[in-house]
1. Output wanted: per-residue J couplings in Hz (rounded whole) for the stretch 192-201, from phi through Karplus 6.51 cos²θ - 1.76 cosθ + 1.60, θ = phi - 60°, x for Gly and Pro.
2. Find the centroid of the Cα atoms in the stretch 126-174 and in the stretch 104-122, then give the distance between the two in whole Å.
3. Shape verdict for the stretch 134-254, please, from the Cα gyration tensor: rounded (a/c under 1.5), prolate (a/b greater than b/c) or oblate.
4. If I model the stretch 54-156 as equal point scatterers sitting on the Cα atoms and use the Debye formula, what is log10 I(q)/I(0) at q = 0.10, 0.18, 0.19, 0.25 Å⁻¹?
5. Using 7 Å Cα-to-Cβ label points, what is the K149/A72 separation (nm, one decimal)?
6. For the pair T60/T202, report the inter-label distance in nm, with labels modelled 7 Å from Cα in the Cβ direction.
7. Are any of the pairs K8/K177; K73/K149; K124/K254; K27/K149 more than 26 Å apart by Cα-Cα distance, and if so, which?
8. Any idea what the relative contact order of the stretch 20-165 is, in percent, if you count C-alpha pairs under 8 Å spaced at least 6 apart?
Amino acid sequence: HAVTEILKEELLNQGFEVYYQPIYRCKDGGFPVAEALLRLPDTPLGPIYPDEFIPIAEETGLIVQMTYLVLAKVCKFVRRLLDEGAKLEGVSVNLSVLQFMQRDLADHIAEILDYYQIPARFIKLEITESVVASNYEAVLSVMEKLAKKGVQFALDDFGTGYSNLSYVMHLPVDMVKIDRSLIWSSLNNDRCATLVEAVSRTFGQAGIRMIAEGVETGEQAAFAQRCGIELIQGFLYAKPMPQEEALPYLMGVK
Ligand code: G
Ligand code: G
Ligand code: MN
Ligand code: NA
């Protein structure tokens, strides 16, 4: 498969780019958090998008090494941000289910954090509900191991597919990201809006930080704010962008 060969090649010469999407904080208009997103802008086949290469990386197992590369690049960037005095809360990195099957995941992450001298709280791992559903016991035990080291977790794509309150109650999850489909539906579906608002308030009261995803319009942002959601991720405020462009957002000068 041509894409598989390209992924191997990019791994060898570390050609992957990591983009950062700054995440907006409603109360002060700052961008204290960003999500790291893999990009392959320049390959022999032209740009290849994550929706195409992530599934292939998962099938071939290449995702494991790719994620370690992302983590290393993210830690290096976080080190620079901290050295330059950023009031950063952290950067989140997506984890695939295969990653949780790696026995040495927690140790390997600890090693990368140690190498770059990054306190663990600055790295937030995003896991989807489907990852949890695929192997609850194994995922829970790895999460607990990492949480003990201080790594934080965000539950991604909340409200799609496998939504299960018991995950939020029993997993060491610091943040819940409301999926963009729910944010979008809420603007023309009162029942959806009421449920999103209730869930957001309830989670917020339980000390779980909320992120609204996929906010593209002022109306959607206003809705998220009415729900008391703390953080907003969406094209309205900032798209995923190269590190150098994301830097001023995270430094608080944009
Ligand atoms: O990045 P969007 O900008 O297109 O990303 C599409 C999908 O690819 C998202 O669901 C995102 O979670 C996933 N994705 C992007 N980067 C990574 C990564 O580094 N690791 C994993 N596992 N998924 C990623
Ligand atoms: O990991 P997750 O599936 O949540 O990945 C975030 C995805 O959402 C990335 O593909 C990113 O490019 C995308 N995204 C971020 N903000 C917006 C937005 O405002 N609108 C849309 N359509 N997609 C967004
Ligand atoms: Mn994500
Ligand atoms: Na999501």
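Any read-out appearing in this document is the output of simple, stated calculations on the displayed coordinates, not a laboratory observation. Remember, it's a predicted structure, so these values are computed and weren't measured experimentally. No Cβ is skipped: glycine too gets one built from the backbone with ideal geometry, and neighbour counts run over all protein chains shown.
1. The phi angles translate into 4, 4, 5, 5, 4, 5, 5, 5, 4, 5 Hz.
2. If you average the Cα positions of each part, the centres end up 19 Å apart.
3. oblate
4. The calculated log intensity ratios at q = 0.10, 0.18, 0.19, 0.25 Å⁻¹ are -0.26, -0.84, -0.93, -1.50.
5. The answer from the label model is 1.6 nm.
6. Placing both labels 7 Å beyond Cα along the Cβ direction yields 4.3 nm.
7. Check vs 26 Å cut-off fails for K8/K177; K27/K149.
8. The normalised contact order for the stretch 20-165 reaches 20 percent.
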